[in-house]
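Below you'll find the structure, written out as C-alpha cells, and then a few comments.
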Amino acid sequence: KLYFSMFLRKLKNRSGSISVQIISKSGGRYKVVKTIGCGRSAQEIQKFVYLGKQEIERLSKQVKLFVSEKDVIVDEIFSSLSNANISVVGPEIIFGKIYDKIGFNKINEELFRHLVIARLSFPLSKLKTIDYLYRYQGVSLNISKVYRFLDKLNNRLKRQVEQLTYEHTKRILDGQISVVFYDMTTLYFEASDEDDLRKIGYSKDGKHQHPQIFLGLLVGLGGYAIGYDIFEGNTYEGHTLIPFIEKIAKKFNLNKPIIVADCGLLNKENIDSLELEGYEYIIGSRIKNETEKIKEQILNNQFEDGQTIRIKKQGKVRLIVNYSEKRAKRDEYNRKRGLKRLEKQINAGKLTKANINNRGYNKYLKMDGEISISIDYKKSGKDKQWDGLKGYITNTNLNNKQIIENYKNIWYIERAFRMSKTDLRIRPIYHRLRDRIEAHICISFTAYCIYKELERILYKEKSTLSVKKAAELTQNMYQITYTLPESKHTKSRLLKMDDAQAELFQIIMKNY
C-alpha cells in the first residue's frame, strides 16, 4: 500500500512567473519538498519540469515509498492534534512545586494559587492574567469571579500567608531570627484621584503627582520575608516603624530581634520608643545633621580607607562612622553628575523657585534676586569634606565591624523591593478599591517569597542560571496530551527540554 508519493506542481506567482516545485503527499497532507526553479517562457518552464523529474527519481532512491502501518498510525495521531493538546506547564512544575514546599498549598484556595503563579510567570493585569490562564494553562476564569475573590482575599488570607512565610523563613535561618531589616517604599497608581488609602505624598519613585501607598516590609538575614503592611500614601515613614514591629513581634512571638533600618526612620521619637520597648537597633545616620560638636569631632579625623571611629552619645547610644575610598569616589562622581544636570536645566530655563528644595541635588539651588536661579557652588564644595563617610546609630554591644556588616545586609531588603517592582511588576497599580489593592499586595508578597526560594535553591546547587532566567525558561516548558487510538486511554507527556530547562527541572525535582 502506497502511503507516500512525490509529484511536480506548477505554481503561478503574482509576478506572472511560474515556479516548478516537488510536492510530497503523506497521510493526506501535502508538503513542498523543493522548488526547482522559476521561469516565464514555456522553454524555461519545460526545462525545470525535466530537471524536477530527474530530482524526483534521485530522491525516490533515497526515500522509502512504502511505509509501515505503525508509521501511518503515528502520523495520523499527530495530524489529529491541535493547539488545545499542548499546554505550558513550566510555571506549575517549577513555581508550583516551590509553592507547595513553602506550605502555601495549605491555603485552600485554588484561585489564589493560579493568581500567584501567574504573577511569577507572566506578571500582567488581572484581565490579561485571565487570558493567559485560559490560553496557556487551559484554566477558564470569569473576571467578575476574580474581582469578587480579590474583594475578600486580604481579610481571609493575609494572616495565613504571613504565618506560612514566617515559618519558612525561620526554617531557612535554622530557627534563629535575631536580626530583622525594615524599610518602606512607595507604590504609585495610574489613576489620578485620591481616596482614604491612596494619597499624594513624597514619592521614592519620583511620581509625586500620582496617588500612592506606602509598603512596609520586614525581612530576615538574606532577604527572606517575614511580614508586610500597607500605609496611607501621605504617611511619614518615620511613624511606621514601632507600630509595625510591635504588630509583627506580637503575631510571631519574636524575642526582641536587633532592628536594622535606613536613615529615613531615624528620629528621636523612634529611638526613644525602641529603647522604651527594649529593642536594640542599628539605624543609618545622616551625619551632616548631627550637632556641630559631633560634626567637628568627625571632621577632625584624617581618615584612611576602611577606618572606623566611635563617638559616644547619650546612654548606650553611640555613633559609628566609617570611611571608604570607593564610597568617596562614588560620592564625588554623583555630585558632579548632579551639578551638571542642574546646570543643563538652568541653561534651558526649566527650573523655577518651586525646584528649590532639599530633594537630592536641588539642595544646591539658590535664588538670585526675584527670578534668577543659580547653583550654590560654595555649598556643594563644603559637601566634599563628607565624601566617603557613612554613619550608623546603635545601642547594641556589637563591635564596629559587626555593626557595619549587619547594616550592609539592608541591601537585601532594597533588592526585595527592586525584584518586586521589576521582575514581579508590583507597580504601577491599576486597582481603585482598597480591598483589591490589599489583595494585589498579598499576591505579590507571596510571589516574592517563591521567587526568593527559587533563588536560594539555584545558589545552593551552584547553578549558573539567574532567577530571572529561570523564570523565563518556565514559559517554554510544554506538555502534550494525546489519546491512544486503540485503548482510547489519554496520556500526557512533557516535551523534550533544552539543556537549561532540563537543568532547572532536575534541580527542582531533586529539592522538592
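The values are calculated or read from the model by the stated rules, or taken from the named source; none is laboratory data. Only a predicted model underlies this, so the values are computations on that prediction, with no experimental measurement involved. Here the Cβ is made from the backbone with ideal geometry for all residues, glycine too, and neighbour counts use every protein chain on show. With ligands, DNA and RNA removed, areas are computed over all heavy atoms of the protein, side chains included. Shrake-Rupley method; radii C 1.70, N 1.55, O 1.52, S 1.80 Å.
Along the Cα-to-Cβ line of Glu325, 7 Å from the Cα, sits a label point; which residues in segment 364-408 have backbone N less than 16 Å from it?
Under 16 Å, as judged by backbone N against the label point of Glu325, lie 387-389 of segment 364-408.
Applying 1/(1 + (r/R0)^6) with R0 = 56 Å to the Cβ-Cβ distance of Arg58 and Ser82, what FRET efficiency is obtained, to the nearest 0.05?
Values: r = 36 Å, r/R0 = 0.64.
Efficiency computed from Cβ-Cβ geometry: 0.95.
Using only alpha carbons, build the gyration tensor for segment 373-420 and give me the equivalent ellipsoid semi-axes, biggest first, whole Å.
On the way: eigenvalues 187, 78, 12 Å².
Taking √(5λ) for each Cα gyration eigenvalue gives 31, 20, 8 Å.
Report, to two decimal places, the Cα Rg of segment 87-155 normalised by 2.2 N^0.38 Å (N = number of residues).
Details: Rg = 11.7 Å, N = 69, 2.2 N^0.38 = 11.0 Å.
Normalised Rg, Cα atoms only: 1.07.
Give the distance, in whole Å, between the Cα centre of segment 368-382 and the Cα centre of segment 148-180.
50
Tell me, what are the semi-axes, in whole angstrom and largest first, of the equivalent ellipsoid of segment 265-386 as set by the roots of 5 times the Cα gyration tensor eigenvalues?
On the way: eigenvalues 224, 74, 32 Å².
With the √(5λ) rule applied to segment 265-386, the semi-axes are 33, 19, 13 Å.
What FRET efficiency comes out for the pair Asn355/Gln302, r = Cβ-Cβ distance, R0 = 41 Å, nearest 0.05? Please list the in-between numbers first.
Numbers: r = 37 Å, r/R0 = 0.91.
The value I calculate is 0.65.
Roughly how large, in nm² to one decimal, is the mean projection of the convex hull of the alpha-carbon atoms in the chain?
Values: hull surface 151.0 nm².
Average projection, Cα convex hull of the chain: 37.7 nm².
Can you bin every Cα-Cα distance in segment 334-383 into 10 Å intervals starting at zero and give me the percent of pairs per bin, rounded to whole numbers?
For segment 334-383, the pair-distance distribution reads 26, 63, 11.
Tell me, what is the 1.4 Å probe accessible area of Leu274, in Å² to the nearest 10?
0
Please give the length that would be gained between Glu44 and Asp499 if that part of the chain were fully extended, namely 0.36 nm times their separation in residues minus their C-alpha to C-alpha distance (nm, one decimal).
Full extension of this stretch gives 158.9 nm more.
How much net charge surrounds Gly284 when only the other residues with a Cβ under 10 Å from the Cβ of Gly284 are counted, with Lys and Arg +1 and Asp and Glu -1? Numbers along the way, then the final one.
On the way: positive: Arg286, Lys390; negative: Asp262.
Spelling it out: positives minus negatives among the neighbours equals +1.
Kindly report the accessible area of the chain per residue (heavy atoms of protein chains, probe 1.4 Å, no ligands, DNA or RNA), in Å². Don't skip to the answer; put the middle values down first.
Details: 28260 Å² over 512 residues.
So the chain comes to 55 Å² accessible per residue, rounded to a whole number.
If amide hydrogens are placed 1.01 Å from N in the peptide plane, which non-local residues have theirs closer than 5 Å to the one on Lys34?
Those qualifying (amide H under 5 Å, at least 5 residues apart or on another chain) are Ile22.
Among Lys170/Lys250; Lys101/Lys462; Lys152/Lys469; Lys106/Lys491, which pairs are too far apart, with a Cα-Cα distance over 27 Å? Intermediate values should be presented prior to the final figure.
Numbers: Lys170/Lys250 16 Å; Lys101/Lys462 20 Å; Lys152/Lys469 34 Å; Lys106/Lys491 29 Å.
From Lys170/Lys250; Lys101/Lys462; Lys152/Lys469; Lys106/Lys491, over 27 Å: Lys152/Lys469; Lys106/Lys491.
Taking 20 °C and 1.002 mPa s as the conditions, I'd like the Stokes-Einstein D for segment 215-308 in µm²/s, using the Kirkwood hydrodynamic radius from alpha carbon pairs. Spell out each step's value before the answer.
Details: Rh = 15.4 Å.
The diffusion coefficient I find is 139 µm²/s.
With angles folded into 0 to 90 degrees, how steeply does helix 241-252 sit against the dominant principal axis of the chain? Use alpha carbons for both and round to 10.
Taking Cα atoms only, the helix is inclined about 60 degrees.
Looking only at the chain, where both bridge partners belong to it, what percent of the DSSP beta bridges are antiparallel (to the nearest 5)? All intermediate terms of the calculation are to be shown ahead of the outcome.
On the way: 61 of 69 bridges.
Counting DSSP beta bridges with both partners in the chain, the antiparallel share is about 90 percent.
Students often forget the sequence filter, so: which lysines lie under 16 Å Cα-Cα from Lys128 once same-chain residues fewer than 8 apart are removed?
By straight Cα distance, Lys128 reaches Lys145.
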